[in-house]
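Here is the structure we will look at.
The values are calculated or read from the model by the stated rules, or taken from the named source; none is laboratory data. Given the structure is predicted, the values throughout are model-derived calculations rather than measurements. Backbone-built Cβ (ideal geometry, glycine too); neighbour counts: all protein chains shown. Each accessible area value is taken on the protein alone, full model and side chains, heavy atoms only, with ligands, DNA and RNA left out. Shrake-Rupley method; radii C 1.70, N 1.55, O 1.52, S 1.80 Å.
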Amino acid sequence: MKIAIYPGTFDPITNGHLDIIARSSELFDEVIVALARNSQKSPLFTEPERLMLIERSLAECYPERTNIRADAFHGLLVEYAVAKGATAVVRGLRAMSDFEYEFQMALMNRKLAPALTTVFLMPHEEYTYLNSTIIRELARYGKDVTGFVPRAVSEALREKFEIKYH
Ligand code: ADP
């Protein structure tokens, strides 16, 4: 049983994340989308809201894929991953700009847990420019974000910013 952890802040989950999740679910027996509490970031959505949006997005986009689940964790990723019996950590690579930070993290995680391998997956190129920060900014100023995020997320953003589209 090959278990992979896909950790992130998911504030909120986007179609780019979902692309990586779909690819992972084809490579591994089980994929745990793991919401990380990151004290250095002050997220727009609370932890329960982000977890609910991941769950709703999975139900909306991949109802037939039964090997994906959502969870949240506190503390060190490697400790969580080992406790779950995972052998891999999945991260998405969009551009060279992601590389340096990801490379450092992967090497540090390997040092901490040698049996855990970090796997980098590239999304479809249409998601290369997509990130949660841009989505939050677009939604904040009333722009339509359908096409970049699942419906559950665009509705939650609209409610969050109390914007009425006509
Ligand atoms: P973190 O704060 O850990 O970077 P994110 O939620 O921003 O959490 O991202 C989680 C993972 O998903 C990271 O590996 C990130 O590179 C990847 N990711 C984010 N957006 C995309 C995207 N549009 N396409 C592919 N991977 C992505």
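Things worth noting here:
- Qualifying residue in region 155-166 (condition: open to solvent by 40 Å² or more (accessible area, probe 1.4 Å), farther than 19 Å from Ala36 by Cα and either modelled with pLDDT of 95 or more or within 16 Å of the ligand (Cβ to nearest atom) (or both)): yes
- Each residue in region 22-34 was checked for being surrounded by 22 or more Cβ atoms within 10 Å (Cβ to Cβ) and either part of a loop (DSSP other than H, G, I, E, B) or near the ligand (Cβ under 9 Å from one of its atoms) (or both), and 1 of them qualify.
The rows are residues; the columns are (1) touching a strand residue (DSSP E or B) at 6+ places or on another chain (Cβ under 7 Å); (2) at pLDDT 95 or above; (3) within 17 Å of Thr9 (Cβ to Cβ).
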residue	(1), (2), (3)
Glu79	no, yes, no
Gly85	yes, yes, no
Arg94	no, no, yes
Ala106	yes, yes, no
Lys111	no, yes, no
Pro114	no, yes, no
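Here is a yes/no grid of residues against (1) assigned to a helix (DSSP H, G or I); (2) away from the ligand (no atom under 12 Å from the Cβ):
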| position | (1), (2) |
| --- | --- |
| Asp11 | no, no |
| Met52 | yes, yes |
| Glu55 | yes, yes |
| Ala86 | no, yes |
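- Of the residues making up region 46-78, those that are closer than 28 Å to Ala113 by Cα and surrounded by 18 or more Cβ atoms within 10 Å (Cβ to Cβ) are Arg50, Leu51, Ile54, Ile68, Ala70, Phe73, Leu77, Val78.
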